[in-house]
1. Which net charge results for the neighbourhood of Ser41, defined as the other residues with beta-carbon distances under 10 angstrom from its beta-carbon, given Lys and Arg at +1 and Asp and Glu at -1?
2. Taking the Cβ of His65 as the center, what net charge do the other residues with Cβ under 14 Å away carry, scoring Lys and Arg +1 and Asp and Glu -1?
3. I'd like the projected area of the chain, averaged over all directions, using the convex hull of its alpha carbons. Report it in nm² with one decimal.
4. I'd like to verify something in the chain: which complete DSSP H helices, judged by Cα projection on the helix axis, reach 20 Å or more and average at least 0.0 on the Kyte-Doolittle scale?
5. How much FRET efficiency would the formula 1/(1 + (r/R0)^6) give for Ala46 and His171, where r is the Cβ-Cβ distance and R0 is 30 Å, rounded to 0.05?
6. Largest first and in whole Å, what are the equivalent-ellipsoid semi-axes of the stretch 79-176 based on the Cα gyration tensor, each being the root of 5 times an eigenvalue?
7. Got a number for carbon plus sulfur as a percent of the stretch 26-104's accessible area, 1.4 Å probe?
8. Return the single residue from Gln123, Gln398, Gln277 with maximal mean-square fluctuation; model: Gaussian network over the chain, springs between Cα atoms under 10 Å.
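The values are calculated or read from the model by the stated rules, or taken from the named source; none is laboratory data. Predicted model only: the values in this text are computed from it and were never measured. No Cβ is skipped: glycine too gets one built from the backbone with ideal geometry, and neighbour counts run over all protein chains shown. To get the accessible areas, we keep the full protein, side chains included, count just its heavy atoms, and leave off ligands, DNA and RNA. Shrake-Rupley method; radii C 1.70, N 1.55, O 1.52, S 1.80 Å.
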Amino acid sequence: MFALVDGNNFYVSCERVFNPKLEGVPVIVLSNNDGCVVARSAEAKALGIPMGAPYFQLKQLVKDHGIRTFSSNYPLYADMSQRVVTVLNGFAPCEVYSIDESFLDLQGVPPASRIQLGHDIRQKVRRWTGIPTCVGIGPTKTLAKLANHVAKKRPECAGVCDLSDPALRRHVMPAIDAGEVWGIGPKSAKKLAGVGVRTVADLAGMAPRLARQLLTVTGERIVHELNGTRCIQLDLSPPPKQATAVTRSFGQPVTTVAAMEEAVASYATRAAEKLRQEGMGATALQVFMHTNPFNGDPRCSRAGLHSFPEPSSDTLEIVSAATRLARRLFRPGYRFSKAGVMALDLVATADAPRDLFTQADRGKSARLMEAVDALNDRMGRNTIWTAAAGINRPWQQQRRRLSPNYTTKVEDLPMVRL
């Protein structure tokens, strides 16, 4: 038996935890460079604001209805997510599925106790973190996801729904569109509609072989899961990452090689930090850059690869390789809108093979990186960084509506005055 715990309008909820004046007010959170809507409060949804809507099209609506608008504050959201997961781990083994969703293993919980457990989870998460949640329970992950959808949409559920009873499933499935099922995207929903499958009940009643023909083995698994046969296991120990990436759209177009080198060096610095946090080293590094394909500029898309003699997480080594690639890939005369750094073929640092002929002092490198990380952890990110990453950084993302980092910066801690 599984439970799926999902933070309601998670980014908006994180903003409201530290700014109670936002309760009951329409709130939206924007994507990188304040471009599109990526989170909406219930009040904003009621105004008809769709997910992914470009912000420039909403400016009059925002003004007319007093909609509060925020730039994405990823450090805050990630920290709040970890706090929620910490609470959930106190109830049952937990698989983190996304920043706002986690699966719990409810094996051994008596059927009569599941609904109450769901309410206990909601209450404790809300009390300890301030984040409102809904809980869906089912004998498969797909049914737990579906139950979570029902818990959100039906007020009589009070935020908790258990679809372990086949009779209850037969009651609710005909009223839910097949596109709401986990793993059924718009293209898959269109294929299903072509054969008359429009509701979850229709999908659950499909022949597994037909589902496989239409939607590959994934479709067959979904049909089995909707009928209570578990095909997707709880993943409490996810496999090690094979790659990690740092990509950003620029706040303003990059037209010089010097600015491009700065941006790529900054992204490479962050990639190296992530590698060390995960105890991994990169065997190869990819750098890419491209222009905006939607604004009429001439198109240019470039990418290059560098291989290391042995896996590395050393910031200086990774930045050096990344900037060399950026210099080689850059083409004058273009307005580049985005670039990124990808660390590939990751290997656990403890298991990394060593080159017999390298001159690098890995012990010295490790001590230096440990000192850099300790300073940045204690004093705040970018307390110390490579000069190659620049200082003024005019290419940085635009985040004009950024809220304080309430939980990750001492200077942003909320102040209480009596």
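1. Numbers: positive: Arg16, Arg40, Lys45, Arg68; negative: Glu15, Glu23, Glu43.
Neighbour charge sum, excluding Ser41 itself: +1.
2. Values: positive: Arg40, Lys45, Lys59, Lys63, Arg68; negative: Glu43, Asp64.
Cβ neighbours under 14 Å give a net charge of +3.
3. Values: hull surface 101.1 nm².
Hull-based average projected area comes out at 25.3 nm².
4. Working: long enough: 74-89 (22 Å, 0.20); 114-129 (22 Å, -1.29); 257-277 (30 Å, -0.14); 315-329 (21 Å, 0.42); 362-379 (25 Å, -0.64).
Helices meeting the criterion: 74-89, 315-329.
5. On the way: r = 27 Å, r/R0 = 0.91.
About 0.65, to the nearest 0.05.
6. Values: eigenvalues 98, 40, 31 Å².
Ellipsoid half-lengths, sorted descending, are 22, 14, 12 Å.
7. Numbers: 1890 of 3480 Å².
Solvent-exposed carbon and sulfur of the stretch 26-104 make up 54 percent of the total.
8. It is Gln277.
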